[in-house]
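The values are calculated or read from the model by the stated rules, or taken from the named source; none is laboratory data. The shown structure was predicted, so the numbers you read here are calculated from the model rather than taken from an experiment. Glycine also receives a Cβ, built like all others from the backbone with ideal geometry; neighbour counts cover every protein chain displayed. Remember, those area values only see protein heavy atoms, side chains included, never the ligands or the DNA or RNA. Shrake-Rupley method; radii C 1.70, N 1.55, O 1.52, S 1.80 Å.
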Amino acid sequence: MKTQFEKAELFKKLHEDKSTFIIPNPWDVATTKIVENLGFKALATSSAAIAFSEGVSDNQLPLDNVLQYLEKISRATNLPVSADLGNGFYDEPKKIFDTIKLAANTGIVGASIEDVKNNESYSIEFSAERITAATEAIASLDFPFLLTARADNYTIGKTDLKDTIKRLQAYQSAGADVLFAPGIKSIKDIQSILHEIDKPLNVMMGLKDCHLDFESLSKIGVKRISLGASLYRHAMTSFIETVKSLNQNGKFDFAQTAISSDALNELLNI
């Protein structure tokens with residue numbers, strides 16, 4: 001198994017290379033192993049997917065529970081892992097410092113921090129202070145750690161591109177390594193962001209009514225493409241449709257297209 005430092009160096013190099021890469025979002029050890037064995041280069045957790053897997057809504061799992069997930073996932077793979085830490089679990093910048101330090105101890109080599117709480121944005125100034133505190137925590141680590149700063153306007157229904165760009169610029173100045181504005185769906189808006197920042201941009205796909213593809217995003221200079229909780233929701237869609245059909249029709253033909261145990265064993269290296 002690669003060391004945390006080796007994973008961190010690999011993650012850093014992925015962001016320095018010219019090519020775009022997809023960073024999928026598994027939610028447990030099994031999906032982590034599958035993602036690795038299918039050839040992806042890095043992975044990110046999804047706070048929503050992990051929460052849903054525990055039967056609670058996003059941002060409702062305590063920090064200690066999330067840290068346990070991060071440790072299990074990090075230990076299960078040779079891939080670099082970036083953690084979705086929500087809003088950092090606290091408001092105060094000094095607490096964000098603590099969150100980053102605790103999370104880094106789990107084996108992850110990157111993390112994202114949001115700028116919203118309860119569907120309300122923190123002020124730009126306060127959000128930037130939180131990013132600064134995170135970078136101070138990172139500076140105390142003995143391995144490279146990439147901080148992704150999120151401007152979550154669009155996820156809370158505030159479709160203000162100018163404010164989003166202003167936020168990303170502030171977070172860039174505060175020391176973020178990667179910038180991220182989830183919910184942006186158009187090439188024009190993504191290009192507008194790219195023209196106004198100097199750091200790598202992460203774009204989230206797996207959104208309804210969004211038909212952009214890897215080639216189009218790569219062509220305009222997007223560095224990283226994540227999927228949020230969309231893989232988890234897609235998997236649950238299949239599960240729900242199957243058990244509904246089973247309950248209504250009493251037929252078991254779903255087994256005809258199910259992956260075999262041997263194939264799963266192979267993907268899981270067990």
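Every residue in the stretch 1-21 that is surrounded by fewer than 16 Cβ atoms within 10 Å (Cβ to Cβ) and either within 22 Å of residue 49 (Cβ to Cβ) or of a type in the set (Ser, Thr, Tyr) (or both), please.
3, 19 - these are the residues of the stretch 1-21 that are surrounded by fewer than 16 Cβ atoms within 10 Å (Cβ to Cβ) and either within 22 Å of residue 49 (Cβ to Cβ) or of a type in the set (Ser, Thr, Tyr) (or both).
What is the number of the single condition among (1) of a type outside the set (Lys, Arg); (2) buried (at least 21 other Cβ atoms within 10 Å of the Cβ); (3) without any contact (Cβ under 8 Å) to a residue 60 or more places away in the chain that residue 91 does not meet?
So residue 91 meets the others, but not (2).
Give me the pairs, please: first residue somewhere in the stretch 172-186 and farther than 19 Å from residue 86 by Cβ, second residue anywhere and part of a loop (DSSP other than H, G, I, E, B) and basic (Lys, Arg), beta-carbon distance under 7 Å, and either six or more positions apart or on two chains.
Hits for this filter: 172/199.
On the basis of being more than 19 Å from residue 131 (Cβ to Cβ), under 20 Å from the mean Cα position of the chain (by Cα), part of a helix (DSSP H, G or I) and not basic (Lys, Arg), does residue 217 make the cut? Outline the logic, then answer.
Working: more than 19 Å from residue 131 (Cβ to Cβ): yes; under 20 Å from the mean Cα position of the chain (by Cα): yes; part of a helix (DSSP H, G or I): yes; not basic (Lys, Arg): yes.
It is true that residue 217 is more than 19 Å from residue 131 (Cβ to Cβ), under 20 Å from the mean Cα position of the chain (by Cα), part of a helix (DSSP H, G or I) and not basic (Lys, Arg).
Yes or no: residue 131 within 15 Å of residue 178 (Cβ to Cβ), in a helix (DSSP H, G or I) and touching a residue at least 40 places away in the same chain (Cβ under 8 Å)?
Details: within 15 Å of residue 178 (Cβ to Cβ): yes; in a helix (DSSP H, G or I): yes; touching a residue at least 40 places away in the same chain (Cβ under 8 Å): yes.
Here the answer is yes, as residue 131 does meet what is asked.
If you go through the stretch 230-270, how many residues are part of a loop (DSSP other than H, G, I, E, B) and either closer than 30 Å to residue 203 by Cα or without any contact (Cβ under 8 Å) to a residue 24 or more places away in the chain (or both)? If you could, list the steps in order and put the result at the bottom.
Of all residues in the stretch 230-270, those part of a loop (DSSP other than H, G, I, E, B) come to 250-252, 257-260, 269-270.
Then drop every residue that is not either closer than 30 Å to residue 203 by Cα or without any contact (Cβ under 8 Å) to a residue 24 or more places away in the chain (or both), which leaves 250-252, 257-260, 270.
Going through the stretch 230-270 one residue at a time, the tally reaches 8.
For the stretch 170-183, which positions are within 20 Å of the chain's Cα centre (by Cα), more than 19 Å from residue 230 (Cα to Cα) and open to solvent by 10 Å² or more (accessible area, probe 1.4 Å)? Outline the logic, then answer.
Step one: of the stretch 170-183, the residues within 20 Å of the chain's Cα centre (by Cα) are 171-172, 175-183.
Subsequent filtering for residues that are more than 19 Å from residue 230 (Cα to Cα) retains 171-172, 175-179.
Residues satisfying the conditions are 172, 175, 177.
Taking residue 157, is it under 21 Å from the mean Cα position of the chain (by Cα) and open to solvent by 30 Å² or more (accessible area, probe 1.4 Å)?
yes
For every residue, the table says whether it meets (1) open to solvent by less than 10 Å² (accessible area, probe 1.4 Å); (2) within 30 Å of residue 240 (Cα to Cα); (3) hydroxyl-bearing (Ser, Thr, Tyr).
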{"residue": "63", "(1), (2), (3)": "no, yes, no"}
{"residue": "66", "(1), (2), (3)": "no, yes, no"}
{"residue": "74", "(1), (2), (3)": "yes, yes, yes"}
{"residue": "116", "(1), (2), (3)": "no, no, no"}
{"residue": "149", "(1), (2), (3)": "yes, no, no"}
{"residue": "162", "(1), (2), (3)": "no, no, no"}
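Sort out which residues of the stretch 100-128 are in contact with a helix residue (DSSP H, G or I) (Cβ under 7 Å, 6 or more places away or on another chain), assigned to a helix (DSSP H, G or I) and closer than 24 Å to residue 68 by Cβ, and write them in order of number.
Result: 100, 101, 102, 103.
Please verify whether residue 97 is under 21 Å from residue 204 (Cβ atoms), among the hydrophobic types (A, V, I, L, M, F, W, C) and open to solvent by 50 Å² or more (accessible area, probe 1.4 Å), treating the condition exactly as stated.
Numbers: under 21 Å from residue 204 (Cβ atoms): no; among the hydrophobic types (A, V, I, L, M, F, W, C): yes; open to solvent by 50 Å² or more (accessible area, probe 1.4 Å): yes.
Against the criterion (under 21 Å from residue 204 (Cβ atoms), among the hydrophobic types (A, V, I, L, M, F, W, C) and open to solvent by 50 Å² or more (accessible area, probe 1.4 Å)), residue 97 does not qualify.
What's the number of the condition residue 193 fails, among (1) touching a residue at least 40 places away in the same chain (Cβ under 8 Å); (2) assigned to a helix (DSSP H, G or I); (3) crowded, with 16+ Cβ neighbours inside 10 Å?
So the condition that residue 193 fails would be (1).
Scanning the stretch 196-213 for residues that are of a type in the set (D, E, K, R) and under 17 Å from residue 230 (Cβ atoms), which turns out most open to solvent (accessible area, probe 1.4 Å)?
The selected residue is 208.
Among (1) outside any loop (DSSP other than H, G, I, E, B); (2) closer than 19 Å to residue 179 by Cα, which single condition is residue 86 missing?
Just one mismatch for residue 86, condition (1).
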